[in-house]
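Peer 1: Below is one structure. I have some questions about it.
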Amino acid sequence: MRNKENKKKSNKKIWLILYGILVIACLVCIGGFVLFLLDDDAGESQKQYELVAEKVVIPDIVIPEFVPEGDKAELPVDFEALQEMNPEIYAWIQIPDTRVDYPVLQHESEDQSYYLTRDMYGDASKAGSIYTEYYNKKDFYDPNTIIYGHNMKNGSMFHDLRYFAQEDFFAEHEDLYIYTPSSILRYKIFASYEYDDRHLLATYDFYDEEVYQSYIEEIMNPRSMYTMLREEYEIRPGNCIVTLSTCVANKPNSRRLVQAVLVDELPAEYKGEVNGENNEETETE
């Protein structure tokens, strides 16, 4: 009798173990499916941006060192076409030889997280957009303009900022460009480091020269082996910098910041084609 009871208990334990394994397997499958959907969403979002870039960005334009007075450089971005898609697109950011090559948006309301979860059309998207907040003006002449973007696993958005923690990559990628409807802003990347998740513009009054100087001195004082600097750029009050901010994998309270200083602005205009037709009006007989 006791043997039968022991056998029943043993069988019950086996079934419980099998049931537990089955539940875990189901959870893993569900989790994997959710991640697949998220990755698929991010992939579709990236394809969307690539299709837009094909329509509005002329590749491989050589940006001159200067333009003669009264002349204008060739702007590689068709902002008229972009703003027909969404009038809140006001700039385009590009770091050569990386996948950072996107429109920059700013939402008109005080909902600062709007483009965190929406694409350039305003549709819901896990990948979000590259955007600034209303704390910053749109001319990039604030002391510090913060540009946000997700660190996507599929390599899109601000994913490539992680590579600026590598000495060789940092050394080989110094240039950053921001295009606006009337100019080309040329920057030099001078710092890359991990920081905490504080809101920089709410924490520091960068218009206060003493605060600005103290912040720059903090940046230029390396805090870890993951801090990359170009000390040949002497940043001081009056300089305009941009800070690219993204999350750090598995560190929810940390941010990867890549910073660049404005070194030149070239007046520019778009001289390319839209839908196969030249922008310039043709004379008719």
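Peer 1: With only alpha-carbon atoms in the gyration tensor, what are the semi-axes of the equivalent ellipsoid for the range 106-161, in Å, largest first? The partial results should precede the final answer.
Peer 2: Details: eigenvalues 81, 45, 10 Å².
In descending order the semi-axes read 20, 15, 7 Å.
Peer 1: Find the Cα radius of gyration of the range 136-182, compare it with 2.2 N^0.38 Å by division, and give the number to two decimals.
Peer 2: Compared with the compact-globule rule of thumb, the range 136-182 sits at 1.40.
Peer 1: Can you compute the equivalent ellipsoid semi-axes for the range 61-108, i.e. the square root of 5 times each eigenvalue of the Cα gyration tensor, sorted largest first and rounded to whole Å?
Peer 2: Equivalent ellipsoid of the range 61-108: 23, 16, 9 Å, largest first.
Peer 1: Over all distinct alpha-carbon pairs, what is the Kirkwood Rh of the range 102-254 in angstrom?
Peer 2: 16.5
Peer 1: For Tyr204, enumerate residues with amide H under 5 Å from its amide H, sequence gap 5+ or separate chain, H modeled in the peptide plane.
Peer 2: Counting only residues 5 or more places away or on other chains, the set is empty.
Peer 1: A further question on this structure: Please give, to one decimal in nm, the separation of the simple spin-label points placed at Met85 and Gln112, each 7 Å out from Cα toward the Cβ.
Peer 2: So the two model labels end up 2.7 nm from each other.
Peer 1: What is the range 44-148 by shape, rounded, prolate or oblate, if you read a ≥ b ≥ c off the alpha carbon gyration tensor as root eigenvalues and call it rounded for a/c under 1.5, prolate for a/b larger than b/c, and oblate otherwise?
Peer 2: Here the range 44-148 falls in the oblate category.
Peer 1: Set the Förster distance to 30 Å, then compute FRET efficiency between Asp197 and Tyr141 from the Cβ-Cβ distance, nearest 0.05.
Peer 2: 0.70
Peer 1: Over the range 183-238, average the accessible area per residue using a 1.4 Å probe and give it in Å², no decimals. Don't skip to the answer; put the middle values down first.
Peer 2: Details: 3060 Å² over 56 residues.
Using a 1.4 Å probe on heavy atoms only, each residue of the range 183-238 averages 55 Å².
Peer 1: Something else about it: Note the full-extension length gain between Ile61 and Val211 as 0.36 nm times their separation in residues minus their Cα-Cα distance, in nm to one decimal. Mind showing how you got there, number by number?
Peer 2: Values: separation 150, 0.36 × 150 = 54.00 nm, distance 3.86 nm.
Gain in length upon complete extension: 50.1 nm.
Peer 1: Could you tell me which residue out of Thr98, Ser129, Tyr114 lies farthest along the dipole of the range 92-135 toward its positive end? Charges go on the beta carbon: Lys and Arg +1, Asp and Glu -1, centred on the Cα centre.
Peer 2: Going by the Cα projections, it comes out as Thr98.
Peer 1: Among Lys47/Lys188; Lys72/Lys138; Lys137/Lys188; Lys55/Lys271, which pairs are too far apart, with a Cα-Cα distance over 24 Å?
Peer 2: Lys47/Lys188
Peer 1: Using the Karplus curve 6.51 cos²θ - 1.76 cosθ + 1.60 with θ = phi - 60°, what ³J(HN,Hα) values do you get for each residue of the range 111-119, in whole Hz, with x for Gly and Pro?
Peer 2: Rounded to whole hertz, the list is 6, 6, 9, 4, 7, 5, 10, 9, 7.
Peer 1: Same structure, new question: Listed highest first by mean packing, meaning other Cβ atoms within 10 Å per residue, what order do 66-75, 182-191 come in?
Peer 2: On the way: 66-75: 12.9, 182-191: 20.1.
Listed from highest to lowest mean packing, they are 182-191, 66-75.
The values are calculated or read from the model by the stated rules, or taken from the named source; none is laboratory data. Computed from a prediction, not measured in an experiment: that's the story for all the values here. All Cβ positions, even for glycine, are placed from backbone atoms using ideal geometry, and neighbour counts span all protein chains on display. Ligands, DNA and RNA are stripped out before the accessible areas are found, and what is left, the full protein with its side chains, is counted by its heavy atoms. Shrake-Rupley method; radii C 1.70, N 1.55, O 1.52, S 1.80 Å.
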